[in-house]
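The values are calculated or read from the model by the stated rules, or taken from the named source; none is laboratory data. Note that the coordinates shown come from a computational prediction; the quantities given were computed from them, not determined experimentally. FYI the Cβ positions are ideal-geometry reconstructions off the backbone, even for glycines, and counts take in every protein chain you see. Heavy atoms of the whole protein, side chains included, go into the accessibility calculation; ligands, DNA and RNA do not. Shrake-Rupley method; radii C 1.70, N 1.55, O 1.52, S 1.80 Å.
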2 protein chains.
Amino acid sequence: MSDILHRVGVIAPLTDVHTALTTIDGLAGWWTEDTKGDPDEVIEFRFASAGGDGFDMKVLENSPELVRWEVVGGPDEWIGTHVSFRLSQVDDYTIVLFKHEGWREPVNFMYHCSTKWATYLMSLKQYVETGAGAPSPNDILVSNWH
Amino acid sequence: MSDILHRVGVIAPLTDVHTALTTIDGLAGWWTEDTKGDPDEVIEFRFASAGGDGFDMKVLENSPELVRWEVVGGPDEWIGTHVSFRLSQVDDYTIVLFKHEGWREPVNFMYHCSTKWATYLMSLKQYVETGAGAPSPNDILVSNWH
């Protein structure tokens, strides 16, 4: 089993970051504009660059310090993996410890997703700090895989 | 043991990316301006934001398809780990499969380094594609840990 790990610090109150991770409008502000569903049950993320494909996330935990999802729809490599955001306040920063865990094999797609997650987490930081992130379809391109 | 994985695609010939990974001028163009040493033996990378601390990399492999270093100087968590860049050409892209392997524990510093590596690899991409990267001390800040 392999994990993708990231850490970003958002210069904003913890509640602002939490809102960006747990509401449809918030998630649409930094990950993908095409975000739908029930933020207490299953959230549906779709990506124009993937021809409208995407991910369905079942919300397992939603507390001020931890947001945790299970991937219940999406590419085979993602199904059954878990995505979590652990939040803490340090001085002026809300620290986000991100983990996408449970990859069965470190396939090339995992390398790609690790880099994309980094750019999306930087989009989260910019969105909360400035009001303007870079969600899909205006996300930062990292390679021929978008 | 845990690994940091990334994948970026640089719109440039493979030899251009290889040069950026194996020459002092190339490395100074995207990772840190304070790069010194012998690119066939040990390369010394220093970072102003770390008070002049940094990393010493022993070059283990340098072929067109693979550049691989051992960390022989730097923070405890890095000593003995390996950093590699595997290159291949796909259409107009040079694909870089990056791995920083051998972390003993997934400490918070590893989360941080994963995100920083992503931003530096995007700097590599921009440097090779446009001539202007974002090396230290003008690197992209991701948190209170810089």
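Some observations on this one:
- Only one of the listed residues (B:Val96, B:Val142) is aliphatic (A, V, I, L, M), in a loop (DSSP other than H, G, I, E, B) and at the interface with chain A (Cβ under 9 Å from one of its Cβ atoms). That residue is B:Val142.
- B:Val71 being more than 13 Å from chain A (Cβ to nearest Cβ), closer than 16 Å to B:Ser2 by Cα and open to solvent by less than 10 Å² (accessible area, probe 1.4 Å): yes
- The strands (runs of 3 or more DSSP E) falling completely within the stretch B:4-92 that include 2 or more residues that are under 13 Å from the mean Cα position of the chain (by Cα) map to B:42-46, B:54-63, B:66-73, B:82-90.
- For the stretch B:99-139, a tally of residues being assigned to a helix (DSSP H, G or I) and either closer than 14 Å to B:Gly9 by Cα or open to solvent by 30 Å² or more (accessible area, probe 1.4 Å) (or both) returns 15.
- For the stretch A:80-93, the set of residues classified as open to solvent by 10 Å² or more (accessible area, probe 1.4 Å) and either in contact with a strand residue (DSSP E or B) (Cβ under 6 Å, 6 or more places away or on another chain) or at the interface with chain B (Cβ under 10 Å from one of its Cβ atoms) (or both) consists of A:His82, A:Ser84, A:Arg86, A:Ser88, A:Val90, A:Asp91, A:Asp92, A:Tyr93, listed by residue number.
- Residue match in the stretch B:104-125 (condition: under 24 Å from B:Lys36 (Cα atoms), out of contact with any helix residue (DSSP H, G or I) (no Cβ under 7 Å at 6 or more places or on another chain) and of a type in the set (Asp, Glu)): no
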